[in-house]
Amino acid sequence: MAELSVKRDQMVERHIARRGVRDPRVLAAMREIPRHRFVPDHLRPQAYRDSALPIGADQTISQPYIVARMSELLALEADHTVLEIGSGSGYQTAILGLLARRVYSLERISELAKKAIGRMRELGLDNVKVQTFDGTVGWSEFAPYDRILVTAAAPSPPQPLLDQLAVGGRMVIPEGDRQSQRLVVYDKDRHGVHRRLGEEVTFVPLIGRYGWDKRTSA
Ligand code: SAH
């Protein structure tokens, strides 16, 4: 719908480009993917505001600026294979699908994964595979990955994910406590991994074997 694409252009201009995201491929992907189709019907009027929104099962679709910022930090190239942990609505997954060759995404809550799979199909993103699984153990079948993106808050970087990252690869992950985190960028070379701290963020917890314990989750 023309009107919605205008709203998307405005979202990208006001909340993303103006706040410093420059990568033209990321900005184009954010203009293209219809975020309103990733939120519950009654929240569609709010889809192009710069805020996280509830998507059911106590989870949220991330704020558009953060989706764009993390996509930019990944420095994606068109031939990359990407692993994403925390599909949620599938919005970030779809953005990655436009920017990379293949995307594998894991979501621990099956009702969310099912909806995300339906959305990938509707949008014709046939290079994206979403599955229900504990993403903290990674997805060894398709490893190594050029890029790994974790979109839930981790107490520390899950070792299986660092292991499944290709040499020359990069992982972006929010690390911290349950209330607030920093984005952390890991670059892997043949000597090991190098860690760089990014901005402050707030994500729902990463729950799993190498994440937070479910019983103590808020
Ligand atoms: N990028 C998503 C954000 C979803 S919120 C979006 O924009 O819609 C984070 C998601 O991570 C939640 O759906 C949560 O269920 C999921 N999650 C938490 N721990 C996980 C784990 N160990 N493996 C896979 N998914 C996990």
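Readers should treat all values here as calculations from the given coordinates under stated rules, not as data from a laboratory. Bear in mind that the values here come from a model prediction, so they are computed numbers and not experimental data. All Cβ positions, even for glycine, are placed from backbone atoms using ideal geometry, and neighbour counts span all protein chains on display.
A few remarks follow.
- Annotation: amide H of ILE207 within the under-5 Å range of TRP212, sequence separation 5 or more or interchain, hydrogens built in the peptide plane.
- Computed per residue of the chain from DSSP H runs no shorter than four, each worth -39500 (n - 2.57), the mean residue ellipticity at 222 nm is -7500 deg cm²/dmol.
- The stretch 95-160: trypsin sites (Lys or Arg not before Pro) in DSSP loop, at most 16 other beta carbons within 10 Å: ARG101
- Put in order of Cβ neighbour count within 10 Å, fewest first, the listed residues ASP146, ASP126 become ASP126, ASP146.
- Proportion of all alpha-carbon pairs of the stretch 107-147 beyond 13 Å (%): 59 percent
- Qualifying chymotrypsin sites (Phe, Trp or Tyr not before Pro) in the stretch 96-180, DSSP loop, other Cβ atoms within 10 Å at most 13: none
- Neighbour cut-off at most 14 other Cβ (10 Å), DSSP loop, GluC sites (Glu not before Pro), the stretch 1-92: GLU77
- Its relative contact order, with pairs defined as Cα atoms under 8 Å and 6+ residues apart, puts the chain at 14 percent.
- Close amide H partners of TYR104, meaning residues 5 or more places away or on another chain with modelled amide H under 5 Å apart, are VAL82, LEU83, GLU84, LYS129.
- Taking ILE85, ILE117 and counting other C-beta atoms within 10 Å, the order from fewest to most: ILE117, ILE85
- When the Gaussian network model of the chain links Cα atoms closer than 10 Å, the mean-square fluctuations of ARG14, ARG190, ARG31 top out at ARG190.
- The chain pair-distance distribution - Cα-Cα, 5 Å bins, rounded %: 1, 7, 16, 21, 22, 17, 10, 4, 1, 0, 0
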